[in-house]
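First up is the structure itself, then whatever we jot down about it.
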Amino acid sequence: MWPLLTLLALGGGAGLHFWWRGQFRRQQRQLLDEREASRHRQEQSTHQAQARQQILFNSMLEGLLLLDSNHRIDLANRAFKNLFNLKSELHGKTILEALRLHELARLVERVETEGQVFDHELKLPELAGRWLQVNAAVITNAAGKREGTILVFHDLTRIKHLERTREDFVANVSHELRTPLSLIKGYVETLLDGARHNPEVAERFLRIIERNAERLDLLIQDLLTISALESGRVELQRQPVALRALTDKVFADLHSRAEQKRVQLVNELPELAANADINRLDQVLSNLVDNAIKYGRPEGSVRVSGKTTAEGWMEIAVRDDGPGIPAEALDRVFERFYRVDKARSRDQGGTGLGLSIVKHIIHSHGGEVRAESGSGQGAAFFFTLPGADGSGSNQPPQAGLAASQ
Ligand code: ADP
């Protein structure tokens, strides 16, 4: 009996053991599965957070660079890559390996010692003269341990370019004002020193003073016009303008100037009407016809013609038969104070601002302006305006059509 009981007890114990082992294994597997699932969930949420972070960094306008504690690139956003024209993977590289920029590598060392550096300006001549502003700081964790460096890059190129343009403009204006002013001062002093007692000399000197005072006046008027046009303060008073009649009026105003050079003024315009500010358009035509008389051939001719383009724009051309404009200067003549021949322009009382005013006025009407010239074939200026019936005003003018006129 006892052996049987012992056997039963042992069998029961073994069964219990196997049952517990099974239970234990099942519980362990369950625990492992749960751990795996939680690790997976954690991984997924880390990936999602990283993806969100990357989207956020890539949507920034500023370039962003994160370096780890060994000064190796941990993250570079899209704007950073664009600023430095970089296409390759940067992760793990040093600044010198990725960019070969010693100045930036030195900046990172400075940040390391100073903790942060603000408003550091970086010029990149090898990247088309790009200007960047860099703000950088060391990143520390909650325990105060250094974990890396963050650098933010802001593109200053446009601001620098505007600053340069303004500085050049001020320098040009001062120079343009100084020349007639010093002439006036010089002749007045000579007159006061005794030249006034010789009526013939005095008359000659006074004429020079008068001419230079007029030049100053013209210059100031042109400067005020440019400044008003550039500031956007000028509101166009648009109305239907009969172009042929307006050209007749401009010819009448410039008649005596043309006569002095025995230049023939020819109005070839058909009856076209543009939707334009008549006073501003008068200024455009006056500047172009005046230039054609000034720089054209003595005893030559100045012709104004026009047509309607396929898109409904009015296209007007002012041509002369003078020496023309060298090919390399065709675009530049519209810049402020640009002159092909400085002495000639000043001799003719030019301010160097006429074509720049023309360009501003035409652009403010939504039109285009350009110059053409073949060697020795005179100069031709073309500009476009929307038609009086509203045609053309919704589509950009086609500059190419002007050539077929
Ligand atoms: P400016 O007051 O000197 O005439 P503009 O801005 O009107 O200034 O013209 C700029 C320059 O373009 C002139 O100095 C001249 O060199 C050149 N230019 C303008 N119109 C003509 C033309 N019809 N023929 C030749 N050159 C011209």
If I histogram all Cα-Cα distances within the stretch 236-405 using bins 5 Å wide from 0, what percent of pairs lands in each bin? 2, 9, 19, 23, 22, 15, 8, 2, 0
As I understand it, the value is the acute angle between the Cα axis of helix 102-114 and the longest principal axis of the Cα atoms of the chain; what does it come to in degrees, rounded to 10? 60 degrees
Quick one: plug the Kirkwood hydrodynamic radius of the stretch 85-131 (C-alpha pairs) into Stokes-Einstein at 10 °C, 1.306 mPa s, and report D in µm²/s. 131 µm²/s
Going residue by residue through the stretch 39-56, the Karplus relation 6.51 cos²θ - 1.76 cosθ + 1.60 with θ = phi - 60° gives ³J(HN,Hα) values, rounded to whole Hz and with x marking Gly or Pro, of 4, 4, 4, 4, 4, 4, 5, 5, 4, 4, 4, 5, 5, 4, 4, 5, 4, 4
Can you give the three extents of the C-alpha atoms in the stretch 58-155 along their principal axes, from longest to shortest, in whole Å? 43, 26, 25
Summing Lys, Arg as +1 and Asp, Glu as -1, what charge do residues with Cβ under 13 Å from the Cβ of Val138 carry, Val138 excluded? -2
In debye, nearest 20, what is the charge dipole magnitude of the stretch 261-373 about its Cα centre with +1 on Lys and Arg Cβ and -1 on Asp and Glu Cβ, if you could check? 480 debye
Taking the Cα centre of the chain as origin, sum charge times position over the Cβ atoms of Lys and Arg (+1) and Asp and Glu (-1), and report the length of that vector in debye to the nearest 20. 1520 debye
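With contacts defined as alpha carbon pairs under 8 Å and 6 or more residues apart, what's the relative contact order of the chain in percent?
That works out to 10 percent.
Quick one: how many lysine pairs in the chain have C-alpha atoms under 14 angstrom apart, if they're 8 or more apart or on different chains?
The result is 4.
FRET efficiency for Ser59 and Asn135, Cβ-Cβ distance as r, R0 = 22 Å, nearest 0.05?
With R0 = 22 Å, the Cβ-Cβ based efficiency is 0.75.
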Radius of gyration and Dmax over the Cα atoms of the chain, both given in Å: 38.6, 162
The chain: most fluctuating residue of Ala37, Ala242, Ala274 per GNM, C-alpha cutoff 10 Å: Ala37
Expressed in angstrom and rounded, the centroid-to-centroid distance over alpha carbons for the stretch 189-223 and the stretch 254-307 is 30 Å
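Once you mark the trypsin sites (Lys or Arg not before Pro) that are in a DSSP loop and have at most 16 other Cβ atoms within 10 Å, what is the longest gap between them in the chain?
It runs 263-405.
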What per residue convex hull volume, in Å³, comes out for the stretch 167-234 when only alpha-carbon positions are used? 70 Å³
What area, in nm² and to one decimal, does the C-alpha convex hull of the stretch 269-355 cast on average over all directions? 6.8 nm²
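Quick note: the coordinates plus some simple rules give every number you see, no bench work behind them. Everything numeric here is computed off the predicted structure, so don't read it as measured data. Positions of Cβ are backbone-derived with ideal geometry, glycine not excepted, and every protein chain shown enters the neighbour counts.
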